[in-house]
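The values are calculated or read from the model by the stated rules, or taken from the named source; none is laboratory data. Keep in mind that this is a model prediction, so the values were computed, not measured. Here Cβ is always computed from backbone atoms with ideal geometry, including for glycine, and neighbour counts include all displayed protein chains.
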Amino acid sequence: MRKIITATFVTLDGVMQAPGGPEEDKTGGFTHGGWQMSYPTDDITNSIISGFFNIPFELLLGRVTYDIFASFWPTAKTDLEVAEPFNKTRKYVVSHKSFKPSWNNSVCVTGNIATEIKKLKEEDGPDLWVWGSGNLIQTLLKEHLIDRMHLLIYPITIGQGKKLFAEGTQAQNFKLVDSKISTTGVIFATYEPAGPLK
């Protein structure tokens, strides 16, 4: 059985919406897109991110994140250490409605989402990595399908936007299995589920 691993850029107050650019996701009138960009990467950040892409993986994405990625990564001229593995690997796109994905090697996952994702976990293959995909993460948390969470926590508060742990998050313990701090104050924390809250 393979694992589901999430990697999320998040603010101190839990916002995960549109870290990469002002046009990335304006849902709900969000005006702080690109908040991550004010914290330049350092050797620690580069080492951690590179490590994520130097192991075999497949992508499990929500529809909104998939559309953002599919409009950028196939023709990306920079960040090739991300673009090349993203473009090459299999991508599973969770969607309420069936559609024909345009990005190569992509498969639409629809119907009973929890059941279909459990089937994917039971298959042989690389671990399934979730980037962004806030709505999908809520489903995965509710169904206890996440095996590991990488949080990249930026020292900024926004006060509005889509939250990583949104309303309806289950009561649950997590254990910290790794942590590092960049020179710009970004905390890299890796958590694994540790059973129900007692």
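The table below gives the values:
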{"read-out": "Sole residue being among the hydrophobic types (A, V, I, L, M, F, W, C), more than 20 Å from Phe9 (Cα to Cα), surrounded by 20 or more Cβ atoms within 10 Å (Cβ to Cβ) and in contact (Cβ under 8 Å) with a residue 24 or more places away in the chain, chosen from Ile137, Ile117, Ile113", "value": "Ile117"}
{"read-out": "Qualifying positions in region 180-198 - surrounded by 12 or more Cβ atoms within 10 Å (Cβ to Cβ) and assigned to a strand (DSSP E or B)", "value": "Lys180, Ile181, Ile187, Phe188, Ala189, Thr190, Tyr191, Glu192, Pro193, Ala194"}
{"read-out": "Criterion: in contact (Cβ under 8 Å) with a residue 40 or more places away in the chain and surrounded by 18 or more Cβ atoms within 10 Å (Cβ to Cβ) - qualifying residue of Phe57, Phe86", "value": "Phe57"}
{"read-out": "Residue in region 4-21 that is in contact with a Ser or Thr (Cβ under 6 Å, 6 or more places away or on another chain) and assigned to a helix (DSSP H, G or I) present", "value": "no"}
{"read-out": "Check on Ser102, out of contact with any Pro (no Cβ under 6 Å at 6 or more places or on another chain), more than 17 Å from Thr65 (Cβ to Cβ), touching a residue at least 12 places away in the same chain (Cβ under 8 Å) and assigned to a loop (DSSP other than H, G, I, E, B)", "value": "no"}
{"read-out": "Failed condition for Leu141, given (1) in contact with a Ser or Thr (Cβ under 7 Å, 6 or more places away or on another chain); (2) at pLDDT 95 or above; (3) closer than 24 Å to Pro193 by Cα", "value": "(2)"}
